[in-house]
Structure formats: structure tokens, C-alpha cells
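Working notes, beginning with the structure itself.
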């Protein structure tokens, strides 16, 4: 164990106490509280250098408030100014300096840098949009997702799904980016076999501990100092049905999965939980689409866009008093969440070009 901070991340399951479980009622506890949503800016144009060349999949905001957008089927992120004007593309295809097979945004780092994943390596991109540092990864690094910074570069949390001997393993584990090569530590959470497809995600709250959320069940567990599993908070609203089969987009005869897409904590220790829910008219999005028969693969980019399949519900939870403070149904689908106070939705113009809108959230008392 490298230092005291890492001790918060390591869970000693042997002899660990069972978490105290709470089922949070569906009622909103604060009748005067409301979640206010305001449009902040729009990204993307019909044509020109700022036109997004693929569906947006991830957004990060760096220390200079520049906005980084990764796109499906396009291997290099675009960077926009704080007011939404296109600045430049980072990286290009090739094997020379500044050239990669692909590079996607992994996380915004403390300060003015951003971490990109350019398999099998990670790249730290500095404020001048040049590579400051390259960190070698391994083949297993490709399965890391949902990076959450506890302390850069030594203490980063990641979700990981692996397959071996016909079984799936889902983990949340600490990752160290301080050396020449990325290193992994013992996982906090490991689930193998049945239920492993319910991927876990982490939300650090240093120095208190870490919240770990399931994806297809509305349950959050808190791991405190020393790695002891403490509170377990669960919501059981009628509109959240735990998935029992494969998760994702669904199909012409199967609704998309209800999922916890993100959990963020604010400065007061409240949890903002973002839930993907099938739109009432999700079936219309599949009109005219036929799934291939047999073992044929379907490219995600050929499926209906997420905003035609899902809408988003946001809940603010008080984890100390085990209650829902406020709830909001969003008009669009929040495909990316930036902290507790910003999220991104997108729509496609008649030309098929995506346009992203950044929205700001605020909890108010009326």
C-alpha cells in the first residue's frame, strides 16, 4: 500500500461488516425544492470545421473551460472554446508524432490537462493541446471505463468488465497513472458470473470514502475509510425495473434498458443520480429497422439515436437522511454528465449532423 490515501480505496472483504441497508421512499421530501434546468450553449454546426462527424459519446470540460467531445465512428476528439466555438481536432491518424490509430477522451484532469485513451496507451494533453506525457497500457486497459479522479495521477477509480472461461467479471478498482505504465490495484468490488453484467461505477467523496453504484439496479453502496462497506441505499420506484437480460439499446420488440447512467456528488454531500428511462414512444424509433438474423453484428451508429430511445430522470438524494430531495424529468437524453451541475444532450439536424446542447442544473428552493 503506497500511502494512507490508497487505504480508502482498498476493500478488505474478509471480515468486512455488512452495509446497513436503507430503502429510500419514492416521495419527494422537500415540497419547496426544485431542479432548475437552463440551456448554456450549443456545439456543432451544419457544415464547416465545427461540424460533428459522428454521434457524440462523451464530453469533458477542462480547467480552461474548453469543451472536449468524443464521437462515435470518428477517432479523434474536437475541442471547443467555453462559448462553443470550434478550436481544433486533437490528434490525427497515422504512426508519426501526434498521430494515432484513435484517441478518445477518458477524463478531465486537475489543472488544465485532459487524459485521452489512444489504445493501448493513455495520453496527457496539456493546455497547449499537445501531448505532455504518454503512459503505456496493457491489453486489459481497453476494458477500463468511467474513470473518476481521486488524486491524480496516483489514485484513479475505474470500472472494468472482463471475460474469461465463459464468465463475465465486473469490477471497480484503483488505477495508478504515475509511472511509465498504468498499474492496477486490488479491486474494491468484484462480481463474477451471475449478475456480473450489472456493471459498477464509482463516485469518490474524499476523504470520507466512495459511493459505488450499480447500473441496472438503483442501488448505491458507500465504502468508508479502511475499506469497510457501510451504507447501502436503494430506490425501488415502479419506473425502475431491474434488467434480467442483456442491457443496452434493446430492439424493435424490446425496450431499451432502464439504467443508472451517472452519480455525482456536490459540495454539500448530496448525490445527483441520473437515470436513463425508455421514452414512451421508443418503439417508433425502430420503424423500418430490421435486426440481422443469425450472428450478424450491428454497428451502434446504425441504431436509432439515444434521444429517440431514452429520456433522463434526475434525482437529488440526501444520503444522510435517506430521502429524495427533488426530482426532474428531462426533455432530452443526458448522454454525458459533467459534475452535478452540467449535462449534455444532442439531436440530429435534417442533414443527420449532430448538435450538442450543454445544460446547467441548479437545486432551488421556491
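The values are calculated or read from the model by the stated rules, or taken from the named source; none is laboratory data. What you see is a predicted model, and the numbers here were worked out from it, not measured in a lab. A quick note on method: Cβ atoms are made from the backbone with ideal geometry, for glycine too, and the neighbour counts reach across all protein chains shown.
Here are some notes:
- Residue list for the range 332-366, restricted to those being under 20 Å from the mean Cα position of the chain (by Cα) and part of a loop (DSSP other than H, G, I, E, B): 332, 333, 334, 335, 339, 340, 341
- Residues that are in contact with a strand residue (DSSP E or B) (Cβ under 7 Å, 6 or more places away or on another chain), in a loop (DSSP other than H, G, I, E, B) and surrounded by fewer than 13 Cβ atoms within 10 Å (Cβ to Cβ), drawn from the range 28-50: 32, 49
Yes/no matrix, rows are residues, columns are (1) over 27 Å from residue 117 (Cα atoms); (2) at pLDDT below 85; (3) buried (at least 16 other Cβ atoms within 10 Å of the Cβ):
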position	(1), (2), (3)
153	no, no, yes
160	no, no, yes
186	no, no, no
189	no, yes, yes
195	yes, yes, no
199	no, yes, yes
207	yes, yes, no
213	no, no, yes
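- When the residues of the range 250-275 are filtered to those that are farther than 24 Å from residue 231 by Cβ and touching a residue at least 24 places away in the same chain (Cβ under 8 Å), the one that is nearest to the chain's Cα centre (by Cα) is 257.
- Scan of the range 313-345 for residues that are closer than 24 Å to residue 238 by Cβ and touching a helix residue (DSSP H, G or I) at 6+ places or on another chain (Cβ under 7 Å), ordered by number: 332, 333
- Of all residues in the range 93-132 being free of Cβ contacts under 8 Å to residues at least 60 places away in the same chain and touching a helix residue (DSSP H, G or I) at 6+ places or on another chain (Cβ under 9 Å), the one that is nearest to residue 64 (Cα to Cα): 117
- There is no residue in the range 273-283 that is surrounded by fewer than 18 Cβ atoms within 10 Å (Cβ to Cβ), in contact with a helix residue (DSSP H, G or I) (Cβ under 9 Å, 6 or more places away or on another chain) and more than 15 Å from residue 306 (Cβ to Cβ).
- Residue-level check: of (1) surrounded by 17 or more Cβ atoms within 10 Å (Cβ to Cβ); (2) touching a helix residue (DSSP H, G or I) at 6+ places or on another chain (Cβ under 9 Å), residue 252 misses just (1).
- Among the residues of the range 54-78, those identified as under 19 Å from residue 130 (Cα atoms) and outside any strand (DSSP E or B) are 62, 63, 64, 65, 66.
- Taking the range 308-331 as the range and being assigned to a helix (DSSP H, G or I) and either crowded, with 20+ Cβ neighbours inside 10 Å or touching a strand residue (DSSP E or B) at 6+ places or on another chain (Cβ under 6 Å) (or both) as the test, only 309 passes.
- The range 162-175, subset touching a helix residue (DSSP H, G or I) at 6+ places or on another chain (Cβ under 9 Å) and buried (at least 16 other Cβ atoms within 10 Å of the Cβ), residue nearest to residue 125 (Cα to Cα): 175
- Restricting attention to the range 122-145 and to residues that are in a strand (DSSP E or B) and at pLDDT below 90, the residue that is farthest from residue 338 (Cα to Cα) turns out to be 144.
- Residue list for the range 308-326, filter: under 20 Å from the mean Cα position of the chain (by Cα) and farther than 18 Å from residue 254 by Cβ: 312, 313, 314, 315, 316, 317
- Selection count, the range 237-282, where residues are more than 30 Å from residue 207 (Cβ to Cβ) and either at pLDDT below 95 or part of a loop (DSSP other than H, G, I, E, B) (or both): 25
- Any chance residue 217 is at pLDDT 85 or above, touching a strand residue (DSSP E or B) at 6+ places or on another chain (Cβ under 9 Å) and farther than 27 Å from residue 347 by Cα: yes
- All positions within the range 286-307 that are crowded, with 19+ Cβ neighbours inside 10 Å, under 24 Å from the mean Cα position of the chain (by Cα) and outside any loop (DSSP other than H, G, I, E, B): 306, 307
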